[in-house]
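Note sheet for the following structure.
The values are calculated or read from the model by the stated rules, or taken from the named source; none is laboratory data. Quick caveat: nothing in here was measured; it's all calculated off a predicted structure. Neighbour counts run over all protein chains shown; Cβ positions are idealised from the backbone, glycine included. For accessibility, only protein heavy atoms count, side chains too; no ligands or nucleic acids. Shrake-Rupley method; radii C 1.70, N 1.55, O 1.52, S 1.80 Å.
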Amino acid sequence: MTALTLSTSAAPALRADAIVIGVAKGAKGPVVAPGAEAVDQAYDGKLAGVLETLGASGAEGEVTKLPAPAGFKTPLLVAVGLGAAPEKDAEYGAEALRRAAGAAARALTGIKKAGFALPLADSGDTGAIAEGALLGAYSFDAYKGSAKDAKAKNGKAPLAEVALLGAKPRDKAHKAAVDRATAVVEELNRARDLINTPPNDLDPAGFAAIATAAGKEHGIKVQVLDEKALTKGGYGGILGVGAGSAAAPRLVKLSYTSSKAKKHLALVGKGITYDSGGISLKPAGHNETMKCDMSGAAAVFAAVVAVARLGLEVNVTAWLALAENMPSGSATRPGDVLRMYSGKTVEVLNTDAEGRLVLADALWAASQEKPDAIVDVATLTGAMVLALGNRTFGVMANDDAFRSALVEAAEEVGEESWPMPLPEHLRKGMDSPVADIANMGERMGGGLVAGLFLREFVGEGITWAHLDIAGPAFNEGGPFGYTPKGGTGSAVRTLVRLAELTAAGDLG
Ligand code: BES
Ligand code: MN
Ligand code: ZN
């Protein structure tokens with residue numbers, strides 16, 4: 001990953017390949033953002049005018065490149081748009097900085113070292129800029145070009161080194177903000193790699209092996225239930241979904257414990273390494289991106305490792321419900337009844353509603369430890385994408401205060417989410433003539449129906465929330481801000497923030 005340092009160097013003196021400054025949209029044209037004073041001076045205080053001449057407006061994500069002024073040790077100056085300038089005396093928001101840093105990092109692909117001279121009011125801003133730069137510099141090129149000839153890889157190498165100017169390297173808060181950003185983004189970027197890895201190279205056993213190795217490295221206890229152990233334990237949901245695949249399912253439990261913990265948080269992730277729909281096969285046009293259907297498991301995996309690296313004083317257990325949903329002679333059929341780990345029976349009406357089946361077993365397993373709260377994360381329904389679009393995840397819960405806490409945690413870290421209801425009247429649509437419940441109900445409100453199904457498998461009295469990340473998990477459009485094409489790492493930062501709040505005793 002890109003290396004990140006704090007530097008006391010002034011922009012003109014920094015030995016690098018580029019200097020990044022901020023430009024915002026003011027009432028009368030572009031305005032140069034704080035942090036770039038020395039650069040502006042080199043233009044006799046006329047940099048805003050120069051940028052306007054070049055067509056810059058300061059709009060969010062806009063990138064303007066120009067030659068650095070005489071006397072600078074860098075050849076290139078990059079002005080990145082911050083969006084609307086803040087009101088007088090107000091400061092730039094963390095998310096505006098994060099996005100601008102990400103857009104700049106993407107624009108600097110192929111360049112070795114850049115100095116970022118963006119507005120920095122406090123250590124929170126330092127963390128946001130660090131995160132944005134590290135997230136924006138991400139690239140996934142493991143499958144580009146031939147293995148023999150690394151140079152044949154399409155495109156250029158990502159930005160290798162970022163020096164943040166203006167933050168005090170000896171100030172503990174700024175240093176801690178960079179360390180936190182580095183740990184979180186390294187794990188988040190690994191989640192992106194897992195999501196982007198094609199399903200012929202990542203099956204449930206392979207994912208479990210990666211989790212086992214990471215657990216060892218970071219002092220996290222890992223237990224893997226293979227098909228034998230799942231059968232013995234009666235995990236009918238996970239086994240039923242995995243039954244059609246040549247690659248057997250797994251349930252992975254990662255336990256991070258802190259000697260100072262007062263609370264226990266359980267995270268449950270949907271880990272369908274490929275969702276073909278099973279016997280209820282998805283039509284062409286709906287299956288090309290379904291390697292992303294393990295994004296929930298990737299997110300909870302990244303979050304627990306990040307929590308361990310940060311040494312947070314909270315116990316966190318992550319459950320990865322891993323299976324491949326394929327059609328075959330051994331696949332679960334529409335009409336089959338599964339006996340779940342909780343003992344409930346489920347009539348499978350549509351094998352493409354598989355996520356709720358693997359999650360049901362993992363939620364019940366997580367419940368057995370009586371954690372203070374459970375959060376599950378899943379690319380669960382197309383209905384949620386229709387409702388909220390491609391950038392916002394839905395938050396459902398059996399506790400309104402906990403739902404609000406998650407929406408607020410997401411907002412704090414710059415993830416878009418929205419609270420969704422669990423209307424009781426939708427439950428009867430899942431009544432089954434043969435089993436305790438069916439895995440499908442009314443089509444209308446499909447995302448909420450799925451949430452109601454999951455709720456049935458949460459242990460009595462346990463606070464629970466469900467994040468449906470089907471929209472934001474995988475970006476099929478062009479990159480924007482710090483979000484690349486492909487796997488995004490949606491929900492990782494929200495989960496880490498939730499763990500921090502839980503550790504600090506700021507939740508329940
Ligand atoms: N993995 C899909 C949901 C999905 C859709 C994720 C689009 C990402 C993008 C899920 O397993 C699924 O197929 N859900 C069905 C449920 C239905 C059969 C009740 C859906 O949403 O259509
Ligand atoms: Mn499906
Ligand atoms: Zn799915």
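Observations on the structure shown:
- Only Lys, Arg (+1) and Asp, Glu (-1) charged, at Cβ; the chain dipole about Cα centre in debye: 1280
- Shape of the stretch 32-117, Cα gyration tensor, a/c cut at 1.5: oblate
- The packing ranking, built from the mean of other Cβ atoms within 10 Å per residue, places the peptides 488-501, 80-93 in the order 488-501, 80-93, highest first.
- Tail fraction, Cα-Cα pairs, the stretch 3-165, threshold 19 Å, whole percent: 52
- Sequence-distant lysines (8 or more away, or on other chains) whose Cα lies within less than 30 Å of Lys263: Lys172, Lys175, Lys216, Lys221, Lys253, Lys344, Lys370
- Neighbourhood charge, 13 Å Cβ-Cβ cut-off, centred on Gly233 and excluding it, Lys, Arg +1 and Asp, Glu -1: +2
- Rounded to the nearest 5, the antiparallel percentage of DSSP beta bridges internal to the chain is 40%.
- Under 5 Å, built H, 5+ apart or other chain: amide partners of Leu6: Leu164
- When the Cα gyration tensor is reduced to axis lengths a ≥ b ≥ c, the ratio a/c stays below 1.5 for the stretch 186-503, which is therefore classed as rounded.
- Maximal additional length on extending the Lys216-Ala229 stretch stands at 2.6 nm, based on 0.36 nm per residue less the C-alpha distance.
- Protein accessible area in the chain, 1.4 Å probe - carbon and sulfur %: 51
- Packing rank of 308-317, 214-223, where each peptide gets the mean count of other beta carbons within 10 Å, highest leading: 308-317, 214-223
- Annotation: per residue accessible area for the stretch 186-503 equals 36 Å², rounded to a whole number [probe 1.4 Å, protein chains only].
- Amide hydrogen neighbours beyond the local backbone of Val375, cut-off 5 Å, H modeled: Ala266, Leu267, Val268, Ala465
- The residues of the stretch 3-165 expose on average 45 square angstrom of accessible surface per residue, using a 1.4 Å probe on protein heavy atoms.
- Placing unit charges on the Cβ atoms of the charged side chains and taking the dipole of the chain about its Cα centre, the candidate lying farthest along the positive direction among Trp319, Gly487, Leu134 is Leu134.
- Per-residue SASA entry for Thr109, accessible area with 1.4 Å probe, Å² rounded to 10: 60
- Within the straight-line cut-off of under 19 Å between alpha carbons, the aspartates and glutamates reachable from Lys144 are Asp193, Asp201, Glu288, Glu476, sequence neighbours fewer than 8 places apart in one chain being disregarded.
- Taking amide H positions as modeled 1.01 Å from N, with prolines and chain starts lacking one, the residues under 5 Å from Ser417 and 5 or more places away or on another chain are Phe393.
- Kyte-Doolittle mean at least -0.5 and Cα axial length at least 27 Å: DSSP H helices in the chain: 172-196
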